[in-house]
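Student: The following block contains the structure, expressed as structure tokens.
Computed from the coordinates by the stated procedures, all read-outs in this text should not be read as laboratory data. Owing to the predicted nature of the structure, the values given are computational and were not obtained by experimental measurement. As a convention, Cβ positions derive from the backbone with ideal geometry for all residues, glycine included, and neighbour counts pool all protein chains shown.
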Amino acid sequence: METIKDPINLFWLCMLLHLIADYNLQGILADMKQKGWWKKQVKKVFGKGPLDTILPPGTNIENHIELPTWYNDDWIAGLLCHAFMWSLVTFLPMMLLVSSRWFSGIIIVNAFIHAIIDHLKCNRIGTLNLCQDQVLHVGQLMITVLLVHIIA
């Protein structure tokens with residue numbers, strides 16, 4: 001237990017879990033957190049529409065179709081599920097170091113921060129690139145480890 005309490009060891013353990021969660025465990029959530037993915041799914045389900053005859057050949061039709069209203073916000077569920085999964089996996093060692101209330105706070109706050117960062121990268125194209133996204137996530141790790149070091 002003393003090894004995990006060391007903030008440097010805790011940081012590296014959480015960093016490893018971050019990489020596993022963000023690059024190996026996302027599965028379908030990597031797609032479902034993106035508005036564009038939902039548009040592509042609608043295109044597959046509803047087939048060709050009137051836009052196919054209006055737009056020039058080669059036009060990316062996914063940028064020109066409107067989702068049926070019942071799908072408008074489904075990407076938010078995917079984004080939040082991914083963010084909570086990432087937070088739970090990444091900060092799991094902290095469950096051993098802090099109270100259940102603190103751990104719950106760590107998970108909820110980090111999930112919402114992660115969701116905002118990923119939304120800016122995935123759905124606000126041109127706002128963040130992958131390098132900036134990862135630097136922000138590493139910043140989350142550092143701040144959270146520091147906070148746990150102070151309170152544990």
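Student: At a 10 Å Cβ-Cβ cut-off, how would you order K121, K40, fewest neighbours first?
Tutor: K40, K121
Student: Could you work out the per residue convex hull volume over the alpha carbons of the range 103-152, in cubic angstrom?
Tutor: With only Cα atoms used, the range 103-152 gives 53 Å³ per residue.
Student: Further question on the same structure: Convert each backbone phi in the range 78-94 into a coupling constant with the Karplus relation 6.51 cos²θ - 1.76 cosθ + 1.60 (shift: θ = phi - 60°), then list the ³J(HN,Hα) values in order as whole Hz, x for Gly and Pro.
Tutor: Those phi angles translate into x, 5, 5, 4, 4, 5, 5, 4, 4, 5, 5, 5, 4, 9, 3, x, 5 Hz.
Student: Return D73, D22 ranked ascending by Cβ neighbour count within 10 Å, so the fewest neighbours appear first.
Tutor: Ranked by crowding around the Cβ, least crowded first: D73, D22.
Student: Report, in listed order, any pair from K40/K121; K35/K121; K5/K33 with a Cα-Cα distance greater than 23 Å.
Tutor: As for pairs spanning more than 23 Å Cα to Cα, those are K5/K33.
Student: Additional query: At 0.36 nm per residue, and after removing the present C-alpha to C-alpha distance, how many nm does the segment from T3 to N72 gain when stretched out fully?
Tutor: 20.2 nm
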